[in-house]
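The block underneath contains the structure these notes are about, expressed in structure tokens.
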2 protein chains.
Amino acid sequence: MRLDNLTPFYVMQILKDASKYKDAIHFEVGQPDLPPTPKVIKAAKEAIERGHFGYTSAEGLEELRHAIGKHYKYRYDLSIAPERIVVTPGSSGAFLLAYALTTDIGQKLAIADPGYLSYKNFAYMLGIEPLFIPVQEDTNYCITPQHLQGRKIDTLQISSPANPTGSIYPKELFQELTEYCKKNGITLISDELYSGLVYDGAFTSALQISDDAIVIEGFSKSFCMPGFRLGWVVLPPKLVKKARELAQNIFLAPPTIGQYAALEAFDYPYLEHVRQTFQKRRDTLYGLLSPLFDLGAKPQGAFYIWADVQKYGKASELAKRFLEEAHVAVTPGIDFSQSVGEDFIRFAYTIDEEKMREGVARIASLLG
Amino acid sequence: MRLDNLTPFYVMQILKDASKYKDAIHFEVGQPDLPPTPKVIKAAKEAIERGHFGYTSAEGLEELRHAIGKHYKYRYDLSIAPERIVVTPGSSGAFLLAYALTTDIGQKLAIADPGYLSYKNFAYMLGIEPLFIPVQEDTNYCITPQHLQGRKIDTLQISSPANPTGSIYPKELFQELTEYCKKNGITLISDELYSGLVYDGAFTSALQISDDAIVIEGFSKSFCMPGFRLGWVVLPPKLVKKARELAQNIFLAPPTIGQYAALEAFDYPYLEHVRQTFQKRRDTLYGLLSPLFDLGAKPQGAFYIWADVQKYGKASELAKRFLEEAHVAVTPGIDFSQSVGEDFIRFAYTIDEEKMREGVARIASLLG
């Protein structure tokens, strides 16, 4: 059956187990603890007061697609026609749309290992064959054309900044990959959900390199709106018509109140405050964890640290010990990697500095 | 490619074209014009004030699943464990989940023609083969075991009350179908999204017949919350674990504010007011359209009338004329049927009585 290889989020069990401990410290949660800008909150209330309870069009409110287009102008000086944007129920919806549109049954989707778990599970659901590309520190956890050489691939999924490693695709690599994809008839999908949370190095969007790339983004991370369930996908013009037709059928429309709220999400001073908050936390947590684990280079974006814990044993057993003995919840690497999952633990810095200090202190005392 | 056979909602073009006319009368809109109960609106605002901006668990808030369970107790005196309920992003999400869970690539999904367009398009996306069962007035547009006899079928999708015909599956037929499915190893999925809008005859839920049935429901129609994008699916216990794992991966979670709002949706006096409003409108519109078209029996539920317009010509051309010459928007049957789509038009009674009278008067004068 299509779902035989489906894997659950191990972190969900951790979350559930952690709820037993009132003093638990949560390094496992993949969502910001900061609220959205007050402007979003106000707009959400107003949408309710104005009675916006009906469906919007399947591709999302025209004003919101314009606002997203303007965001690309502001951030990258790029002109993206609102027609190329489809607003989706979370970026989850954007992946479903992008994979179904581009990749046929039996075709191959290349994804990085380690990487976000759902990529492969979307593939299984859609009858697409995931092809795992093991990436390591030597390429800053990025997929390079050398990784792809000689392999039959239909679609390439990259992530920048990446979950769980926080690494960013540099412009030159993006150019090389784009060229390789073009030459080999590969569709390039770039997950840029964490692009608003970049701390070091220049972030490049796939859209700056090529209009053929499919870019996935959303309001859940850097805009601090996870529960609103709103994402978007930017498509090459040739895919737009089919994308809208598919969205009508499989989503009907994205959530309405959230869309009106999201019109106010592009509050750049607030977004910069969010970014700086996470940057400070990254620096703190990196400093705190460095004496304990092998961390490699500082992650450049997102809100995770991917820690090599090999010297202490198997990651899943270690995560269990952290939780049961120190009431510290972390995500074992098996949620992100088939190859090295038992060597790594992911720490999310989605809690305040005080809690991070307390959590790491507990782990340190446990590890002796 | 998987989407080669995908068909768009023709009604979307109608909606777009209708926006040109300020005085347009809308019989094409498949969503209630009534707001949700004031309790829902209040709860939505409170959810925002309380800062419920994070993800919920993938299967939805535990309180909401309890409330839905209680709803089955209230409506049908059925005990449905909250564990068997998964809250989804719209009932659209429930279909995706149900089809992906039950029906493998290359397997066959039987659906009624006429029927809701998205069933077949979900099937195409998932590599499932839709098998169209032409149904007519002789069975009140219901699929019977006689329709299925001798055909290889893996999953049977029925709808009660049905869109576009408003017909309801009687208890005896449900029992026969359930028995047939059991004997032939067929999964039964029952779309009961309009079950709160039943006017004549006793409505039976598939869950009253068998715990093996998969039932799809949602807050978009009888609860008047379409833009909140919330549905649910009731699953047999053996499918629950996989369903949660799949929901984690493909949805992450349903919208949060909407879930808190939906906790207050089971306001039965208000829901009865909604039901009565639509019943009165059905009676009015049926009376108004009867002299013009062949309507068959009065629809028992939902908010549509499926009118045979053959004597005036092709439905799609007629719909075009109605819009351009009388500024009346309707949905041509091609959105629901490959076999008889050009013989029927669907009228939705999601507008007030005055507008319905004006709209039908315009059509009548056009038809001479």
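Please treat every number below as a calculation from the coordinates, not as lab data. Because the structure is predicted, anything quoted here is derived from the model rather than measured. Reconstructed Cβ throughout: ideal geometry from the backbone, glycine too, with neighbour counts over all protein chains shown.
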Requested in this report: Compute the normalised compactness of the stretch B:54-262: alpha-carbon radius of gyration over 2.2 N^0.38 Å, N being the residue count.
Outcome: 0.96
Query raised in the report: DSSP loop trypsin sites (Lys or Arg not before Pro) in the stretch A:96-172 with at most 16 other Cβ atoms within 10 Å of their Cβ, which ones?
Result: A:R151, A:K152
Query raised in the report: Given a Förster distance of 60 angstrom, what is the FRET efficiency for A:Y268 paired with B:E353, based on the Cβ-Cβ distance and rounded to 0.05?
Result: 0.75
**Report entry** Farthest positive-ward along the stretch A:54-262 dipole, Cα basis, beta-carbon charges - from A:H147, A:F122, A:L252
**Finding:** A:L252
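Taking only complete DSSP H runs, can you tell me which helices of chain B stretch 27 Å or more along their own long axis by Cα positions and average at least -1.0 on the Kyte-Doolittle scale?
On the way: long enough: B:268-289 (31 Å, -0.90).
What comes out of the filter, once short or polar helices are dropped, is B:268-289.
Report the local net charge at B:L288: Lys and Arg +1, Asp and Glu -1, summed over other residues whose C-beta lies under 14 Å from its C-beta.
Values: positive: B:K280, B:R281, B:R282, B:K298, B:K355, B:R357, B:R362; negative: B:D283, B:D352, B:E353, B:E354, B:E358.
Its environment carries a net charge of +2.
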Query - Proximal lysines to A:K108, defined as alpha-carbon separation beneath 22 angstrom and excluding residues fewer than eight positions away on the same chain - result: A:K120, A:K152, A:K182, A:K183, A:K238, A:K242
Query - Between the stretch B:101-149 and the stretch A:39-78, the alpha-carbon center distance in angstrom - result: 37 Å
Query - Calculated FRET value between B:K320 and A:E49, using beta carbons and R₀ = 35 Å, to 0.05 - result: 0.40
Query raised in the report: Leaving out same-chain residues fewer than 8 places away, which lysines sit with a Cα under 29 Å from that of B:K42?
Result: A:K39, A:K42, A:K45, A:K221, B:K70, B:K73, B:K221, B:K280
Query raised in the report: Percent antiparallel among DSSP beta bridges with both residues in the protein assembly as shown, to the nearest 5?
Result: 50 percent
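Just to verify a number: FRET efficiency for A:S365 and A:E137, C-beta to C-beta distance, R0 = 35 Å, to 0.05?
Numbers: r = 29 Å, r/R0 = 0.82.
That gives a FRET efficiency of 0.75.
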Query raised in the report: Copy-to-copy spacing for B:Q310, label 7 Å out on the Cα-to-C-beta vector, in nm, shortest first?
Result: 7.5
Query raised in the report: For the stretch A:133-198, what are the per-bin percents of Cα-Cα distances with bins 5 Å wide, up to the bin holding the maximum?
Result: 4, 17, 30, 26, 17, 5, 1
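What does the structure give for B:95-102 when I average, per residue, the other chain Cβ atoms found within 10 Å of the residue Cβ?
Working: counts 2, 4, 1, 0, 1, 7, 5, 2.
Across the residues of B:95-102, the mean count of other-chain Cβ atoms within 10 Å is 3.
Is it possible to state the helix-based mean residue ellipticity at 222 nm for chain B, with each DSSP H run of 4+ residues giving -39500 (n - 2.57), the sum divided by total residues, to the nearest 500 deg cm²/dmol? What is it? Show your work: numbers first, answer last.
Values: 13 runs with 146 residues, N = 368.
Calculated at 222 nm, the ellipticity per residue is -12000 deg cm²/dmol.
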Report summary line: Distance in Å, no decimals, from the C-alpha centre of the stretch B:310-368 to the one of the stretch A:241-318 is 50 Å
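From the square roots a ≥ b ≥ c of the eigenvalues of the alpha-carbon gyration tensor of chain B, which class results: rounded (a/c under 1.5), prolate (a/b over b/c), or oblate? Don't skip to the answer; put the middle values down first.
Working: a/c = 1.64, a/b = 1.24, b/c = 1.33.
Verdict is oblate for chain B.
List the trypsin sites (Lys or Arg not before Pro) within the stretch B:1-48 that DSSP assigns to loop and that have no more than 10 neighbouring Cβ atoms inside 10 Å. Walk me through the numbers before you get to the answer.
Values: sites: B:R2, B:K16, B:K20, B:K22, B:K39, B:K42, B:K45; in loops: B:R2, B:K20, B:K22.
Those satisfying the criteria are B:K20, B:K22.
Can you give the Rg to Rh ratio for the stretch B:1-140, taking only C-alpha atoms and Rh from Kirkwood?
Result: Rg/Rh = 1.03.
How large is the charge dipole for the stretch A:54-262, taken about the Cα centre, if only the Cβ atoms of Lys, Arg (+1) and Asp, Glu (-1) carry charge, to the nearest 20 debye?
400 debye
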Query raised in the report: Distances from A:K171 to the same residue in each other copy, label points 7 Å out along Cα→Cβ, in nm, shortest first?
Result: 7.3
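If we count other beta carbons within 10 Å of each Cβ, what is the order of B:T331, A:T204, fewest first?
Working: B:T331 26, A:T204 21.
Ordered by Cβ neighbours within 10 Å, fewest first: A:T204, B:T331.
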Query - Cβ-defined net charge surrounding A:D17, 15 Å radius [Lys, Arg +1; Asp, Glu -1] - result: -1
Query raised in the report: Once you average over the residues of A:44-56, how many Cβ atoms of partner chains fall within 10 Å of each Cβ?
Result: 5
Query - Label spacing, shortest first and in nm, from B:N5 to its equivalents in the remaining copies (7 angstrom along Cα→Cβ) - result: 2.5
